[in-house]
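So the structure is just underneath, and the comments pick up after that.
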Amino acid sequence: MRYFLFLFFLTCFAVVAICGFRGSLTRRPQIELFPDMVRQNKVRPQTPSEFFPNQYASRFIPVGTVPRGGPYALNGEELKIDGKPVYPYEDVPVNNGRVPATTNWLPVNPLPITRQLLDRGQQRYEINCQPCHGPDGDGKGITGKYGMIGQANFHDKRFIDMCDGEIFNTITYGNKLMGAYGANITVEDRWAVIAYVRALQRSQLATAEDVPEPDRSRFQK
């Protein structure tokens, strides 16, 4: 034991003597085991370069190349918000569920609510959400029969009042017992699922005034 402690303190002393304390000032240059990880041969954007004939470090996209990524698509059609396509790399509400330039959750779904969107949301919901949350969104999924507890009931007031952006964030990163589904459900499909969840809430909490006038007589019989 004595030898172990002696070697331990000797090692610590040697490490401190060679490397020093983190944040301490020294005139000696740092020891770099892999200097290429710190200083790499590269050019920065918008800087001149002697390598290329036009002296530009930033290069134009070669003609005829196929882009690695593209704008979002829903049901085979390019997704557009305010007439503009949305790309995965953009810091926009579609990607993060927040109001631009704030930390506030987006109150409503940024995608146009269409029948195609709801159909897509229902399909994704039945695959990813229904086992826990149930076909009606009341938290009575089949997993409850196998001992799982705590499934959210979307008809509770706190979920009805919850912003769509916060639901999007929960689907993406998970919350408490619920795991993250960002890798399982695409961004477009997450918003489609949210639209369908809102439709489920509307179906259970609707009033007679929500039914179109020509159809009310059918429900009153």
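The values are calculated or read from the model by the stated rules, or taken from the named source; none is laboratory data. All figures in this text were calculated on a predicted structure; none of them were measured in a lab. Because the Cβ atoms are built from the backbone with ideal geometry, glycine has one as well, and the counts that use them run over all protein chains shown.
A few notes on this one:
- Scanning the stretch 176-221 for residues that are surrounded by 11 or more Cβ atoms within 10 Å (Cβ to Cβ) and charged (D, E, K, R) yields GLU188, ASP189, ARG190, ARG198, ARG202, ARG216.
- Summed over the stretch 49-103, the residues that are part of a strand (DSSP E or B) and not charged (D, E, K, R) give a count of 5.
- Any hit, the stretch 152-164, residues being surrounded by 11 or more Cβ atoms within 10 Å (Cβ to Cβ), more than 19 Å from GLN122 (Cα to Cα), within 20 Å of the chain's Cα centre (by Cα) and modelled with pLDDT of 85 or more: yes
- For the stretch 141-158, the criterion of a residue being under 26 Å from ASN96 (Cβ atoms), of a type in the set (D, E, K, R) and touching a residue at least 60 places away in the same chain (Cβ under 8 Å) is satisfied by no position.
- Residues being modelled with pLDDT of 85 or more and either in a loop (DSSP other than H, G, I, E, B) or touching a strand residue (DSSP E or B) at 6+ places or on another chain (Cβ under 8 Å) (or both) - total across the stretch 11-48: 2
- For the stretch 183-204, the count of residues that are more than 27 Å from ASN75 (Cα to Cα), hydrophobic (A, V, I, L, M, F, W, C) and in contact with a helix residue (DSSP H, G or I) (Cβ under 8 Å, 6 or more places away or on another chain) is zero.
- Residue match in the stretch 123-130 (condition: among the aromatic types (Phe, Trp, Tyr) and modelled with pLDDT under 95): no
- No other residue among TYR72, TYR56 is at pLDDT 85 or above and under 30 Å from GLN123 (Cβ atoms) apart from TYR72.
- All positions within the stretch 87-135 that are buried (at least 19 other Cβ atoms within 10 Å of the Cβ) and either among the β-branched types (Val, Ile, Thr) or at positive phi (or both): VAL94, GLY97, GLY134
- Screening the stretch 137-221 for helices (runs of 4 or more DSSP H) wholly inside it with 2 or more residues that are over 30 Å from TYR89 (Cβ atoms) returns the ranges 157-160, 187-205, 213-219.
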